[in-house]
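Shown next, in structure tokens, is the structure this report addresses.
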Number of protein chains: 2
Amino acid sequence: MARIVQKFGGTSVADPERIRAVALRVKREIDAGNEVAVVLSAMSGSTNELIRLTEQTAPMHDAREYDAVVSCGEQITIGLLAMALQSLGISARSWLGWQIPIHTDAVHGKARIERIETAELNKRMKIGEVPVVAGFQGLGLDNRVTTLGRGGSDTSAVALAAALKADRCDIYTDVDGVFTADPRIVTKAHKLDKITYEEMLEMASLGAKVLQTRSVQLAMTEGVRLQVLSSYSEEPGTLVVNEDEIMEKSIVSGIAYSRDEAKITLVGVMDQPGVAAGIFGPLADGNINVDMIVQNISSKDNTTDMTFTVASDDLAGAVKILENNKSALRYSDLISDGDVVKISIIGVGMRSNAGIAQHMFHALAEHGINIQVISTSEIKVSVLIAEDYTELALRALHTAYGLDAD
Amino acid sequence: MARIVQKFGGTSVADPERIRAVALRVKREIDAGNEVAVVLSAMSGSTNELIRLTEQTAPMHDAREYDAVVSCGEQITIGLLAMALQSLGISARSWLGWQIPIHTDAVHGKARIERIETAELNKRMKIGEVPVVAGFQGLGLDNRVTTLGRGGSDTSAVALAAALKADRCDIYTDVDGVFTADPRIVTKAHKLDKITYEEMLEMASLGAKVLQTRSVQLAMTEGVRLQVLSSYSEEPGTLVVNEDEIMEKSIVSGIAYSRDEAKITLVGVMDQPGVAAGIFGPLADGNINVDMIVQNISSKDNTTDMTFTVASDDLAGAVKILENNKSALRYSDLISDGDVVKISIIGVGMRSNAGIAQHMFHALAEHGINIQVISTSEIKVSVLIAEDYTELALRALHTAYGLDAD
């Protein structure tokens with residue numbers, strides 16, 4: 001007998017029919033002799049609809065009231081699933097964040113889970129009752145409902161799995177698992193049976209939307225075995241595990257891309273100490289995250305060009321801040337480009353293999369793709385290229401690293 | 001300075017624009033120097049939509065999970081109104097049933113309020129914060145959300161007004177107040193400035209849908225001054241008060257009707273002790289309420305006809321129960337008729353005036369309207385007539401009792 005936390009996302013609980021299908025999924029685990037707790041998202045689209053209502057009512061609104069409103073979607077799905085389970089003869093009960101409670105800090109709209117009380121849940125699971133828990137929400141200070149921010153239900157599931165000492169946390173989505181690349185673009189992409197937390201973390205933060213970054217971090221910290229699998233198929237999915245659980249490590253496990261990038265180049269900034277701080281300080285003050293940064297070598301007049309990327313949504317804001325600071329920064333020109341994409345190769349095998357990046361650059365050059373910016377980390381190499389080359393680059397690299405399915 | 005509980009129904013909070021209009025209503029009371037607490041319904045239609053989801057998910061469902069789902073609508077509106085108030089510079093906070101708490105019994109789906117904790121609300125109202133309270137919901141046993149049943153938000157408002165010792169409970173609806181008759185049918189109907197609790201109770205239970213019956217009962221018991229008024233006009237509404245607050249009592253204050261009636265006649269039942277129990281016992285066991293009952297005089301063969309009314313929705317069920325019990329009841333024929341309407345004249349002045357009913361029968365006879373069943377109470381006379389005569393009867397009685405507007 002294993003103890004399993006099953007998490008179902010918004011498309012899996014989009015209407016009563018799918019909710020009944022989820023109930024059958026839960027029943028299958030119970031029939032196999034397992035103890036199950038369930039975490040649910042809101043019906044797909046419903047949280048966006050609630051957010052829209054808050055914006056239409058008061059554009060500048062109190063985050064505490066925002067949380068009261070947007071936490072409703074999960075309340076609906078957990079009640080419905082509890083009913084659906086009961087009608088299959090399974091003892092079940094819905095649990096809101098405050099009923100457990102799932103204690104969070106008071107940062108409304110993006111709260112962090114601090115502690116989950118499990119005594120009552122454990123007692124009930126032992127007698128065969130299935131807790132159906134609202135994802136995305138918790139109980140903050142002053143008896144207020146909090147929400148965890150975008151994709152927070154994944155984090156709820158992992159935190160619950162850790163608190164309940166579950167053997168596995170199964171994240172059901174509308175894809176079959178984690179793929180070597182986006183199968184909508186790279187038709188030869190194949191599903192990975194296993195992936196390490198570190199790789200998954202890079203994949204998640206690079207826009208492979210199967211898991212929320214925070215949930216992967218939490219799973220890694222707490223040692224929760226994660227499985228990503230499809231609500232619509234019977235196939236096993238992808239297990240996210242420790243590196244030592246993977247015997248044969250490929251050098252590159254996957255190729256990710258993010259279109260959510262924009263490039264800014266400041267031409268002719270002074271090449272002297274403090275100039276980077278002068279540029280990135282005001283951006284940080286404006287809550288703008290800078291991702292890749294490249295500084296060219298100095299020219300004869302002791303100036304240099306500074307290139308960096310920000311999220312596409314932040315481009316206009318970043319340009320405005322830099323223009324406002326032009327007199328202090330003393331650059332000669334500002335060039336911005338939103339039509340770029342970040343392509344990354346990811347794999348824990350890189351640590352012990354030289355020449356990985358070189359292989360990437362070579363493959364891209366062979367296809368006439370110009371690299372604009374490069375950044376590397378221990379298990380990742382990312383390049384910025386023109387957005388028009390996205391598909392070509394992904395397919396070329398997929399082949400180059402031997403990832404194409406047979 | 002007065003302390004006022006304002007309650008807004010579903011059409012008044014149907015979208016962000018109307019919620020902002022409600023915020024302005026609240027602001028006006030505050031600007032007039034009053035302390036205000038607000039109780040809200042869900043957006044019109046949203047609770048029905050949630051009920052539909054529960055029915056589609058599991059036709060036979062746990063009332064506790066039903067409550068978890070259908071209590072969501074009010075959570076949305078209170079959060080939105082709190083935001084809207086804040087954006088007008090008014091300190092406000094939304095309160096769910098469990099946050100106050102509003103303690104109820106454990107009868108899910110139609111719970112009764114037992115106690116409202118007010119210390120925190122009183123403290124905050126004293127410093128000018130407006131509590132925006134979810135109607136229709138409370139906290140039952142075992143930390144469960146309960147709901148109060150149809151129209152429960154009116155009851156929430158009255159109970160809160162009683163607990164907060166409010167000077168008045170204003171129920172905002174989409175009509176201007178309580179009318180002498182349904183103005184859609186009787187164009188000469190006029191708004192009543194005042195009405196007694198007893199009269200309002202009869203009006204409410206007879207289908208004048210401005211106030212929920214339970215809320216009027218509670219207001220009467222707790223001595224809460226109620227006002228029914230329109231969200232869309234600046235006019236004062238109708239005050240529901242004690243009889244001694246009304247100086248000039250009209251004999252008949254209003255005329256109500258209910259189409260939700262169906263008539264059943266059992267022909268040739270034995271006229272002997274126990275026969276009524278034999279008929280109505282099985283109906284009560286089937287959860288069918290019987291309203292008007294008439295037993296004709298006995299005929300020579302010691303049989304009689306028994307006529308009674310049930311809610312239209314219960315007609316098929318009642319007929320089935322009676323047919324199943326035919327051998328025990330030994331009636332010769334069963335006649336049912338769904339095309340009937342109950343017309344009632346209501347007024348506390350009846351107590352001290354004779355001949356009121358006679359006047360009614362006369363007016364109906366004058367218009368060729370046949371009376372099928374009659375029932376009377378201290379302040380009400382009701383007759384059952386063919387549904388086709390509804391409008392004619394209402395107008396005739398409205399004129400006959402001198403209620404027509406000038």
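Every number here is computed from the coordinates shown, using simple stated rules; none is lab data. Since the model is a prediction, treat every value here as computed from it, not as a measurement. For neighbour counting, all protein chains shown are included, and Cβ atoms are generated from backbone atoms with ideal geometry for every residue, glycine included.
Summary table
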| item | result |
| --- | --- |
| Neighbourhood charge, 13 Å Cβ-Cβ cut-off, centred on residue A:93 and excluding it, Lys, Arg +1 and Asp, Glu -1 | -2 |
| Efficiency of FRET between residue B:106 and residue A:115 - r from beta-carbon atoms, R0 25 angstrom, step 0.05 | 0.30 |
| Residue A:32-residue B:376 pseudo-label distance in nm [points 7 Å out on the Cα-to-Cβ vector] | 7.4 |
| Residue-wise HN-Hα coupling along segment A:181-189, computed from phi with Karplus coefficients 6.51, -1.76, 1.60 (Hz; x: Gly, Pro) | 6, 4, x, 6, 9, 9, 5, 8, 5 |
| Of A:282, A:183, A:59, the one that fluctuates the most in a GNM where chain A has Cα springs shorter than 10 Å | A:59 |
| Amide H partners (placed H, <5 Å) of residue B:117, local residues excluded | B:103 |
| Cα-based convex hull, segment A:3-174, per residue volume (Å³, whole number) | 96 |
| Chain A - charge dipole about Cα centre, Lys and Arg +1 at Cβ, Asp and Glu -1, debye rounded to 20 | 880 |
| Using a 7 Å Cα-to-Cβ projection, residue B:51 label spacings across copies, nm, ascending | 3.2 |
| Spatially proximal lysines relative to residue B:123 (Cα-Cα < 17 Å; intrachain offsets below 8 disregarded) | B:165 |
| Computed over segment B:228-380, Cα set: Rg, Dmax in Å | 19.6, 65 |
| Nearest-to-axis residue of chain A, judged by beta-carbon position, where the axis maps A onto B, in Å | A:72, 2 |
| Listed pairs A:7/A:194; A:188/A:342; B:188/B:263; A:110/A:191; B:110/B:263; B:7/B:27 exceeding 25 Å between Cα atoms | B:188/B:263; A:110/A:191; B:110/B:263 |
| Cα extents of the protein assembly as shown along the three principal axes, largest first (Å) | 118, 64, 44 |
| For segment B:178-335, size of Cβ-based charge dipole, Lys and Arg +1, Asp and Glu -1, in debye | 360 |
| Choice from B:343, B:288, B:379 showing the highest fluctuation, given a GNM over chain B with Cα pairs closer than 10 Å | B:288 |
| Computed lengthening from residue A:123 to residue A:193, 0.36 nm per intervening residue step minus Cα-Cα distance | 21.8 nm |
| Compactness of segment B:193-258 - radius of gyration and Dmax, Cα, Å | 11.6, 31 |
| Cβ-derived FRET efficiency at R0 51 Å, residue B:388 paired with residue A:260, nearest 0.05 | 0.15 |
| Cα pair distances in chain A, grouped into 20 Å bins until the bin that holds the longest one, percent each | 25, 50, 23, 2 |
| Positive-end residue of B:232, B:354, B:377, charge dipole of chain B with Cβ unit charges | B:232 |
| FRET E, pair residue B:405, residue B:248, Förster distance 22 Å, beta-carbon r, rounded to 0.05 | 0.85 |
| CD proxy at 222 nm, helix term only [per DSSP H run n ≥ 4: -39500 (n - 2.57); per residue of the protein assembly as shown; nearest 500] | -10000 deg cm²/dmol |
| Inter-part distance where segment A:367-381 and segment B:120-196 are each reduced to a Cα centre, Å | 64 |
| Distant-in-sequence amide H partners of residue A:210 (H built 1.01 Å from N, under 5 Å) | none |
